[in-house]
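Below you'll find the structure, written out as structure tokens, and then a few comments.
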Amino acid sequence: MDTPEATPAGEFTLTSSAFTEGGAIPPTYACDGQDTSPPLEWSGAPNGTRTLALVMTDPDAGGFVHWVFFNVDASSSGGIPTGFSASPDGPAQGKNSFGGPCPPSGTHHYVFRLLALDAPLALTGSPSAKQVLDAAQGHTLGEAKLTGTYGKGG
């Protein structure tokens, strides 16, 4: 297998057609709405990327985990549609602390961390975010982040 080449910093990106970087996540993707996963698009994955993993957390709530998926084939597409988390064709998913954004008060930040990996993760069942991130160590070729905000009540 070829040695993966490093992609210059800033080229691996994660975006959403539902909200912009630092912008408000629409209520449909939170506990006030349908509580479904938002559409996500990525580009510029480093050479040698075989699979992707994502961890979505709320750092304002001590790193509360809202979504974990892993072993998404990097060659299959450049994104995922709305509701991918509940799709029968969806990815292997890990344990989360709760569904989508649902802060108890105020506005919270939600960080989507997408990891480009050189191999599938050898995980089964519903691993925790920590287990996914631990398994990704030594296999991560790049990371893209997208941060959105949400305040309960829209």
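For segment 39-49, state whether one or more residues are part of a loop (DSSP other than H, G, I, E, B), within 12 Å of the chain's Cα centre (by Cα) and either surrounded by fewer than 19 Cβ atoms within 10 Å (Cβ to Cβ) or in contact (Cβ under 8 Å) with a residue 60 or more places away in the chain (or both). Checked against the condition, which is being part of a loop (DSSP other than H, G, I, E, B), within 12 Å of the chain's Cα centre (by Cα) and either surrounded by fewer than 19 Cβ atoms within 10 Å (Cβ to Cβ) or in contact (Cβ under 8 Å) with a residue 60 or more places away in the chain (or both), segment 39-49 yields at least one hit.
In segment 67-81, the residues that are free of Cβ contacts under 8 Å to residues at least 12 places away in the same chain never reach a residue that is buried (at least 18 other Cβ atoms within 10 Å of the Cβ) and in a strand (DSSP E or B) with C-beta atoms less than 6 angstrom apart, at least six apart or across chains. Listed by first and then second residue, the pairs linking a residue in segment 18-36 that is over 13 Å from His108 (Cα atoms) to a residue that is of a type in the set (Asp, Glu), with Cβ atoms under 8 Å apart and 6 or more places separating them unless they lie on different chains, are Tyr29/Asp35. Contact annotation: no residue pair with Cβ atoms under 9 Å, 6 or more positions apart or on different chains, pairs a residue in segment 96-117 that is touching a residue at least 12 places away in the same chain (Cβ under 8 Å) and among the β-branched types (Val, Ile, Thr) with a partner that is surrounded by 20 or more Cβ atoms within 10 Å (Cβ to Cβ) and part of a loop (DSSP other than H, G, I, E, B). Looking across segment 7-17, the residues that are surrounded by fewer than 17 Cβ atoms within 10 Å (Cβ to Cβ) and either touching a Phe, Trp or Tyr at 6+ places or on another chain (Cβ under 7 Å) or modelled with pLDDT under 95 (or both) come down to Pro8, Ala9, Gly10, Glu11, Thr13. Within segment 32-50, the residues that satisfy the criterion of being at pLDDT 90 or above and at positive phi are Gly44, Gly48.
Please verify whether Lys145 is under 24 Å from Asp60 (Cα atoms), among the charged types (D, E, K, R) and modelled with pLDDT under 95, treating the condition exactly as stated. I'd like the intermediate steps shown before the answer.
Values: under 24 Å from Asp60 (Cα atoms): yes; among the charged types (D, E, K, R): yes; modelled with pLDDT under 95: no.
Here the answer is no, as Lys145 does not meet what is asked.
Scanning segment 42-80 for residues that are more than 25 Å from Ala122 (Cα to Cα) and not aliphatic (A, V, I, L, M) turns up Asp58, Pro59, Asp60, Gly62. Annotation: Ala116 fulfils all but one of (1) more than 23 Å from Phe12 (Cα to Cα); (2) among the aliphatic types (A, V, I, L, M); (3) touching a Ser or Thr at 6+ places or on another chain (Cβ under 7 Å); the unmet one is (1). Residue pairs whose Cβ atoms lie under 6 Å apart, sitting 6 or more positions apart in sequence or on different chains, and linking a residue in segment 128-154 that is within 17 Å of His66 (Cβ to Cβ) to a partner that is among the aromatic types (Phe, Trp, Tyr), are Val132/Phe70; Leu146/Phe112; Gly148/Phe19; Gly148/Tyr110.
The values are calculated or read from the model by the stated rules, or taken from the named source; none is laboratory data. Predicted model, so just to flag it, every value in this text is computed and none were measured. Neighbour counts are summed over all protein chains in view; Cβ atoms, including those assigned to glycine, are modelled from backbone coordinates with ideal geometry.
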